[in-house]
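The values are calculated or read from the model by the stated rules, or taken from the named source; none is laboratory data. Please read all numbers here as calculations on a predicted model, not as lab measurements. Backbone-built Cβ (ideal geometry, glycine too); neighbour counts: all protein chains shown.
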Amino acid sequence: MHKVNTATIPEFTWTSPNGKFTGAGKEVSEELGRNPMSTDLMERHPFDIEILRIPPGQTPYPYHSHSAQWEFYHVISGEGWVRHQEGTTRIEPGDAFLFKPNEPHQLGNDSAADLILYVVADNPLGEACYYPDSNKWSVPIPEKRILRSDPLDYFDGEE
């Protein structure tokens with residue numbers, strides 16, 4: 001058995017070029033040995049686990065949907081919102097929710113404290129993402145590309 005303590009996993013952070021999107025996370029699966037670039041499920045793992053931290057007043061990602069991936073969220077602490085096809089829903093500790101493939105979503109924190117969630121996603125090969133607000137796709141083959149007709153930056157059209 002391989003065990004890690006999430007309190008000791010280093011946190012990585014990101015901010016988009018113009019600062020509209022900011023977040024932080026702990027890659028639990030990678031600490032447990034997941035190789036996200038492998039096509040071997042014994043190395044890739046059939047699911048990915050992250051502890052996502054969204055600072056006050058922030059949104060970590062643009063509104064997006066996945067072509068094949070399912071995502072499960074569980075709110076550990078803090079409060080915020082989830083944008084989805086039907087509108088926006090408030091979230092608080094204990095809330096759990098799921099997004100199926102092709103269901104666009106976005107999370108944000110409009111409170112004064114960090115919003116912390118467990119995120120569990122399955123790990124389909126050939127996954128692509130669509131960004132409805134900017135009408136672009138992210139495709140992973142042969143390497144991750146953001147595009148409309150020409151290659152684009154991840155945050156292009158979002159800020």
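Got at least one residue in segment 16-34 being touching a strand residue (DSSP E or B) at 6+ places or on another chain (Cβ under 9 Å), closer than 20 Å to residue 156 by Cα and not hydroxyl-bearing (Ser, Thr, Tyr)? Yes. Of all residues in segment 16-54, exactly one satisfies the criterion of being free of Cβ contacts under 8 Å to residues at least 24 places away in the same chain, within 19 Å of residue 119 (Cβ to Cβ) and hydroxyl-bearing (Ser, Thr, Tyr), namely 29. Within segment 80-131, the set of residues being at pLDDT below 95, among the aromatic types (Phe, Trp, Tyr) and either surrounded by fewer than 16 Cβ atoms within 10 Å (Cβ to Cβ) or touching a His at 6+ places or on another chain (Cβ under 6 Å) (or both) comprises 131 only.
Quick one: is residue 77 of a type in the set (S, T, N, Q) and exposed (fewer than 14 other Cβ atoms within 10 Å of the Cβ)?
On the way: of a type in the set (S, T, N, Q): yes; exposed (fewer than 14 other Cβ atoms within 10 Å of the Cβ): yes.
It is true that residue 77 is of a type in the set (S, T, N, Q) and exposed (fewer than 14 other Cβ atoms within 10 Å of the Cβ).
So is residue 102 closer than 19 Å to residue 154 by Cα and over 14 Å from the mean Cα position of the chain (by Cα) or not? Criteria met by residue 102.
I'd like to know if segment 132-142 contains one or more residues that are surrounded by 16 or more Cβ atoms within 10 Å (Cβ to Cβ), at pLDDT 95 or above and closer than 29 Å to residue 43 by Cα. Checked against the condition, which is being surrounded by 16 or more Cβ atoms within 10 Å (Cβ to Cβ), at pLDDT 95 or above and closer than 29 Å to residue 43 by Cα, segment 132-142 yields no hits at all. Taken over segment 88-143, the residue count meeting the criterion of being under 18 Å from residue 73 (Cβ atoms), in contact (Cβ under 8 Å) with a residue 60 or more places away in the chain and not β-branched (Val, Ile, Thr) is 9. Of all the numbered requirements in (1) of a type in the set (Phe, Trp, Tyr); (2) in a strand (DSSP E or B); (3) within 14 Å of the chain's Cα centre (by Cα), residue 61 misses one, and that requirement is (2).
In segment 145-159, the residue that is surrounded by the most Cβ atoms within 10 Å (Cβ to Cβ) out of those that are in contact with a Phe, Trp or Tyr (Cβ under 9 Å, 6 or more places away or on another chain) and at pLDDT below 75 is 146. For segment 6-53, the set of residues classified as β-branched (Val, Ile, Thr), assigned to a loop (DSSP other than H, G, I, E, B) and exposed (fewer than 11 other Cβ atoms within 10 Å of the Cβ) consists of 39 only.
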